[in-house]
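> Before anything else, here's the structure in question.
Only the coordinates and a few stated rules stand behind these numbers; no lab work does. Just so you know, these numbers come straight off a predicted model, no measurement behind them. Every residue, glycine as well, gets a Cβ built from its backbone with ideal geometry; the counts of neighbours run over all protein chains shown.
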Amino acid sequence: MRRPAEQGFTLIELLVALAVFSLVVLALLNLAGENTRTAQLLQTRTLAAMVAENAAVEALISPEPPALGEAEGQVQLGGQDWVWRRITAPADQGLLRIDIQVRGASEPRTVAEVTVFRGGA
């Protein structure tokens, strides 16, 4: 039987346990940061999709069909500025194809895109 002074963990065992614990903590911190980045990206995509859908609905419900060619506009949604671009082109059988692309005001790449068709070409 061991004496009470000899019971417990050795220094090596404590160092190994501390190293394993630190690796787990680093992995959890990395996961938390990745979750934050993903949440921001989802928020951006969702807001851009709402802007694109709003612009598409405006093009569909206006009394006159949109003019052929390109048009741009800027709106604010969710505390961010968004730039939408509408491209209207004739499609088959008297239809108009309306493509809407949305990007952030300070971003060059398209974040959301919607295509709708409307009668009245």
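> Tell me, what ³J(HN,Hα) does each residue in the range 93-109 have, in order and in whole Hz, if you take phi through Karplus 6.51 cos²θ - 1.76 cosθ + 1.60 with θ = phi - 60° and put x for Gly and Pro?
Once rounded to whole Hz, the list reads 6, x, 9, 10, 9, 10, 9, 10, 10, 10, 9, x, 4, 10, 10, x, 9.
> Taking the number of other C-beta atoms within 10 Å as the exposure measure, put THR88, THR44 in order starting with the fewest.
THR44, THR88
> If you don't mind, there's one more thing I want to ask. Taking all pairs of different Cα atoms in the range 1-71, averaging 1/r and flipping that mean, what Kirkwood radius in angstroms comes out?
18.2
> Using C-alpha positions alone, give me the convex hull volume of the range 9-119 per residue in cubic angstrom.
141
> Collect residues whose amide H, placed 1.01 Å from N in the peptide plane, falls under 5 Å from the amide H of LEU77; neighbours closer than 5 in sequence don't count.
Correct list: TRP82.
> Starting at the first residue of the range 62-69, write each ³J(HN,Hα) from the Karplus equation 6.51 cos²θ - 1.76 cosθ + 1.60 with θ = phi - 60°, in whole Hz, x for Gly and Pro.
5, x, 9, x, x, 5, 5, x
> Describe numerically, in nm with one decimal, the distance between label points set 7 Å from Cα along Cα→Cβ at GLU107 and at LEU42.
Between GLU107 and LEU42, the label points sit 1.6 nm apart.
> Is there a quick way to get the dipole size of the range 35-121? I mean about its Cα centre, with the Cβ of Lys and Arg at +1 and of Asp and Glu at -1; what is the value in debye to the nearest 20?
That gives the range 35-121 a dipole magnitude of about 280 debye.
> Restricting to DSSP loop positions (anything but H, G, I, E, B) with no more than 13 other Cβ atoms inside 10 Å of their own Cβ, which trypsin sites (Lys or Arg not before Pro) remain in the range 40-121?
Answer in residue order: ARG109.
> Related question: Toward the positive end of the charge dipole of the chain, about the Cα centre and with charges on Cβ (Lys, Arg +1; Asp, Glu -1), which of VAL25, VAL51, PRO63 goes farthest?
So the residue furthest toward the plus end is VAL25.
> While we're looking at this one, here's another question. For ALA91, which sequence-distant residues (separation of 5 or more, or a different chain) have an amide H within less than 5 Å of its own amide H, given hydrogens modelled in the peptide plane?
Amide H neighbours of ALA91, under 5 Å, 5+ apart: LEU96, ARG97.
> Between GLU70 and ALA19, what is the label-to-label distance in nm when each label sits 7 Å out along the Cα-to-Cβ direction?
Distance between label points: 5.9 nm.
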